[in-house]
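Asker: Have a look at this one.
The values are calculated or read from the model by the stated rules, or taken from the named source; none is laboratory data. Since this is a predicted model, take the numbers as computed values, not measurements. A quick note on method: Cβ atoms are made from the backbone with ideal geometry, for glycine too, and the neighbour counts reach across all protein chains shown.
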């Protein structure tokens, strides 16, 4: 069983700090969703967690072992990210079959049978060069690597980019099968939030290089409410509570409220209360007006 721990991670590029004192624990056997706006530091954090990028400060460990330059720890990890169609010499001329061969050599628990099944299932042309692949096909290659790696902790960065709705559904089914049958841990970074929300056992919101929250998804959504009505009624019902994303239309007002455990709206006010989706909660907490 593997546990990945980030302790006080910071990362700076020249004079700009993109991660600020990030501490995070990824526990074995869960599916996590990592959500943040463009530039929030998601890919940087994931690359540091898997020793593909050095941290400026802090440390990442897997089962207590530092991940940086430590193959024993890295044997438990896979970070499958978007493939680059360009190399320093021009178009990436590596063929898919060559890329998969390299992955096969790198990951010690590689499942060749799964690789073959997934290539057939996604109808991947392994003779094609990476530079010639469509956006969706590039994503399929990253999914094959992630799942066939059989790594205890597998991290995917925007794995469904470019995939149609059928292929995306296929991916999430495969993910759940691996999770349930093998007990693997997955961390998924995605901008397509709604269709993935039911898959995420825990969700992590990353905002401007810091962890805004890390919670059980269902418990978080049970505390999130959209409250609307006349402005004075909404204000009275939500007085003293954690209010976000205020929207005013004439005399009416709508707000997103994130209740603390044990809190409730103030009773006796004429307001409409509705549940909030994960995507709308993210917008409320991490959007421009948050």
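Asker: Could you tell me whether residue 260 is out of contact with any helix residue (DSSP H, G or I) (no Cβ under 9 Å at 6 or more places or on another chain) and under 22 Å from residue 219 (Cβ atoms)? Even if it seems obvious, please write down each step before you answer.
Answerer: Values: out of contact with any helix residue (DSSP H, G or I) (no Cβ under 9 Å at 6 or more places or on another chain): yes; under 22 Å from residue 219 (Cβ atoms): yes.
When the stated conditions are applied, residue 260 passes them.
Asker: Filtering the range 228-260 down to residues that are in contact (Cβ under 8 Å) with a residue 24 or more places away in the chain, within 28 Å of the chain's Cα centre (by Cα) and not in a loop (DSSP other than H, G, I, E, B), which residue is farthest from residue 200 (Cα to Cα)?
Answerer: Checked the range 228-260; the qualifying residue farthest from residue 200 (Cα to Cα) is 246.
Asker: Please determine whether any residue of the range 271-280 is exposed (fewer than 15 other Cβ atoms within 10 Å of the Cβ) and over 28 Å from residue 195 (Cα atoms).
Answerer: No, that holds for no residue.
Asker: Might you let me know whether the range 64-85 holds any residue that is assigned by TED's automatic domain parsing to the domain that holds residue 9 and more than 30 Å from residue 23 (Cα to Cα)?
Answerer: Yes: the range 64-85 contains one or more residues that are assigned by TED's automatic domain parsing to the domain that holds residue 9 and more than 30 Å from residue 23 (Cα to Cα).
Asker: Can you pull out every residue in the range 148-168 that is at positive phi and under 18 Å from the mean Cα position of the chain (by Cα)?
Answerer: Pass one, the range 148-168, residues at positive phi: 150, 158, 162.
Scanning the range 148-168 gives 158, 162.
Asker: Against the definition (farther than 30 Å from residue 157 by Cα and in contact with a helix residue (DSSP H, G or I) (Cβ under 8 Å, 6 or more places away or on another chain)), how does residue 254 come out, yes or no? Let's see the steps before the verdict.
Answerer: Values: farther than 30 Å from residue 157 by Cα: yes; in contact with a helix residue (DSSP H, G or I) (Cβ under 8 Å, 6 or more places away or on another chain): yes.
Yes.
Asker: So, one more: Which of the residues belonging to the range 5-28 are under 24 Å from residue 201 (Cβ atoms), surrounded by fewer than 16 Cβ atoms within 10 Å (Cβ to Cβ) and in contact with a strand residue (DSSP E or B) (Cβ under 6 Å, 6 or more places away or on another chain)?
Answerer: 7, 23, 25, 28 - these are the residues of the range 5-28 that are under 24 Å from residue 201 (Cβ atoms), surrounded by fewer than 16 Cβ atoms within 10 Å (Cβ to Cβ) and in contact with a strand residue (DSSP E or B) (Cβ under 6 Å, 6 or more places away or on another chain).
Asker: When you look at residue 88, is it at negative phi, in contact (Cβ under 8 Å) with a residue 40 or more places away in the chain and over 24 Å from the mean Cα position of the chain (by Cα), yes or no?
Answerer: Details: at negative phi: yes; in contact (Cβ under 8 Å) with a residue 40 or more places away in the chain: no; over 24 Å from the mean Cα position of the chain (by Cα): yes.
So residue 88 does not fit the description; no.
Asker: Check the range 54-61 and report whether any residue there is in contact with a helix residue (DSSP H, G or I) (Cβ under 6 Å, 6 or more places away or on another chain) and over 22 Å from residue 216 (Cβ atoms). Steps first, answer last, please.
Answerer: Here is the first cut: in the range 54-61, the residues in contact with a helix residue (DSSP H, G or I) (Cβ under 6 Å, 6 or more places away or on another chain) are 55, 60.
In the following step, the residues that additionally are over 22 Å from residue 216 (Cβ atoms) were identified as 55, 60.
Scanning the range 54-61 turns up at least one residue that is in contact with a helix residue (DSSP H, G or I) (Cβ under 6 Å, 6 or more places away or on another chain) and over 22 Å from residue 216 (Cβ atoms).
Asker: Is it fair to say residue 186 is touching a strand residue (DSSP E or B) at 6+ places or on another chain (Cβ under 8 Å), in a loop (DSSP other than H, G, I, E, B) and in contact (Cβ under 8 Å) with a residue 24 or more places away in the chain?
Answerer: Values: touching a strand residue (DSSP E or B) at 6+ places or on another chain (Cβ under 8 Å): yes; in a loop (DSSP other than H, G, I, E, B): no; in contact (Cβ under 8 Å) with a residue 24 or more places away in the chain: yes.
It is false that residue 186 is touching a strand residue (DSSP E or B) at 6+ places or on another chain (Cβ under 8 Å), in a loop (DSSP other than H, G, I, E, B) and in contact (Cβ under 8 Å) with a residue 24 or more places away in the chain.
Asker: Please state which of the following conditions residue 269 fails to meet, knowing it meets all the rest: (1) part of a loop (DSSP other than H, G, I, E, B); (2) at positive phi; (3) touching a residue at least 12 places away in the same chain (Cβ under 8 Å).
Answerer: Every listed condition holds for residue 269 apart from (2).
Asker: When the range 142-171 is examined, which residues are found to be part of a helix (DSSP H, G or I) and over 19 Å from residue 79 (Cβ atoms)?
Answerer: First, pick out the residues of the range 142-171 that are part of a helix (DSSP H, G or I): 142-148, 165-171.
165, 166, 167, 168, 169, 170, listed by residue number.
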